[in-house]
Amino acid sequence: MASTELSRRERKKLESKARILKAARALFQEKDYDNTSIGEIAEKADVSKSTFFNYFPTKESLLDGIAADEIEEIKYLIEADLVGVESPVEKIQIALKHFAEDSISFLRLTRRVIWFTVFKDENYPMPIKEIEDILLVLIEEAQKKGEILGELNPENVAKSLLGMYFAAFFKWMKNGNISISTSEIQFELFLNMIFKGIAGPNYKNK
């Protein structure tokens, strides 16, 4: 009985945290980070301020939470949703498209999260480095399967893919009024161009 009660409490905690992060995403995108108060986030998430502070000691810590949530989403996508996909390159493409789609949908928020999380002490775990590590595993698998040229340094490939993402992201920021569908098409063109350049003998361009 005690373990069941604990499970319910843990579930409730996770639900409350998820609601806070969802509310913060929506308000930061709608009103901008600087114009959003903790009180507004708590109200939209339907939690008290004290409950908010149980999960996030400061408003800035929400940015870490949003970044960490995105990483977990990508990990789950690869490890669960794409478990039946045999091609590592296909997994990379789907994961990067998912990452890009989230960025396009929340441009103002993504800009703030990137600025906050990238320029930190080198000992601090950075979301971009975590994404690089996820890509690295898939790139090495792709090289073993001949989908990416084996002579390429996998770390350089991972950095090139992320560099392509940042190039696209800054283009989206510059053209703030560009449609989501147009942005996604442009990102896919960038992605295809990269993979044509690094393709191994078994790469299948769809």
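What follows draws every value from the coordinates through simple rules; no lab data is involved. Computed from a predicted model, the values in this text were never measured in an experiment. When we count neighbours, we look across all protein chains shown, and the Cβ atoms used for this are built from the backbone with ideal geometry, even at glycine.
Just a few scattered comments:
- Rg/Rg_globular for segment 1-57, with Rg_globular taken as 2.2 N^0.38 Å and Rg from C-alpha atoms: 1.28
- Rounded to two decimals, the Cα-based Rg/Rh of segment 1-95, with Kirkwood Rh, is 1.09.
- Bridging of LYS17 to lysines at a Cα separation below 23 Å is possible for LYS31, LYS44, LYS49, LYS59, LYS75, once same-chain residues fewer than 8 apart are set aside.
- Helix-only [θ]222 nm of the chain, DSSP H runs n ≥ 4, -39500 (n - 2.57) each, per residue, nearest 500: -24500 deg cm²/dmol
- Using Cβ point charges alone (K and R +1, D and E -1), the dipole size of the chain about the Cα centre works out to roughly 460 debye.
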